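Asker: I'd like to ask some things about the structure below.
The values are calculated or read from the model by the stated rules, or taken from the named source; none is laboratory data. This is a predicted model, so every value here is computed, not measured. Here Cβ is always computed from backbone atoms with ideal geometry, including for glycine, and neighbour counts include all displayed protein chains.
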Amino acid sequence: MNGLERIRRFSLVTWIFGSIVVAVIAFIVFPQVAVNPRTGEIEVGGDAYNDGPRPWEVADPQEYTVVDGELHGTRAGGFLRLPAGSPLIQLTGGSDVEQADWVDVYQQLGTQTDTEAGDWDYPGYLGALYPDAEVLVLASTDADGLLWFGQSEADWTVKVTEPEVTPMDTTSASGTGNAVLMYEGDALSGRFQHTGTGVFLVGAVTVGDWERLVNEVDEVDERVSWDPTDRVVFQVEADTGDGSWTITLDTPAGTASEPSATPTGDPPTHATPEPTP
């Protein structure tokens, strides 16, 4: 074996051994490392995911109001009252939200602020606000509620508007670009298709909840489902390319089609054959 071959083998063994050591170190260290979503700072240790109290856990939380289509929030967080039957609203992060880094949004059913009370409902997560980010809020039809805004690094401002909503009068919708679709019915699953180029993102917004259904690019053909509800808003984002999309909802199980018409009147009579002699 010449010297060059020995060097090659030694280098290969050293590389394999080094890779194993790095993998072991990563396995031990990485689970204890987290990135603060607001500050971007790397935090290490058991408290890496403990990012302060939730806004409803703060004593005497501040109540916000909407003035001239804008909501001005503080770094301490607070809440906005959401009356029953309110129209669908859209929160859009302004440029100063960048200074706040990140503002989490939650929706609570009921207006109880005492977390120890028996009628207090834990708020559901709706998303986060940053510059130009949009969070949709679907109010309950029969119960007042609260919108909670999490702590941040600075005061901030968001725009509060009513988006253009397209009702899904049938179980199918198609289009291009962004859209907000409202479906009221029993379907709990469907097929989501996108042809062409660009991102295709679809979120399902319900009362007190938000769920990402589709997060793909270019050619997409997926079947997804969501939790039982009588109303769901599909938030479609598809404005980065030339693609078009189609959403086709499934017919719920147990929904029967129209029965075939049943003949009425006397049954037809058939001639009795004559016996063969």
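Asker: Consider the range 211-240. How many of its residues are more than 22 Å from Asp169 (Cβ to Cβ) and assigned to a loop (DSSP other than H, G, I, E, B)?
Answerer: Final tally of qualifying residues: 5.
Asker: Could you pull out the residue among Ala139, Ala173, Ala143 that is surrounded by 15 or more Cβ atoms within 10 Å (Cβ to Cβ) and part of a strand (DSSP E or B)?
Answerer: Checking each option against the conditions leaves just Ala173.
Asker: Checking the condition among the acidic types (Asp, Glu), surrounded by 17 or more Cβ atoms within 10 Å (Cβ to Cβ) and modelled with pLDDT of 90 or more, which residue from Glu184, Glu237, Glu222 passes?
Answerer: Glu237
Asker: How many of the residues making up the range 146-170 are of a type in the set (Val, Ile, Thr), in a strand (DSSP E or B) and under 26 Å from Thr246 (Cβ atoms)?
Answerer: 1
Asker: Still on this model: Can you tell me how many residues within the range 176-208 are hydroxyl-bearing (Ser, Thr, Tyr), outside any strand (DSSP E or B) and in contact with a Lys or Arg (Cβ under 8 Å, 6 or more places away or on another chain)?
Answerer: Qualifying residue count, the range 176-208: 0.
Asker: Select the strands (runs of 3 or more DSSP E) contained entirely in the range 47-129, then report the ones holding at least 2 residues which are within 22 Å of the chain's Cα centre (by Cα).
Answerer: 78-82, 89-93, 103-109, 124-129
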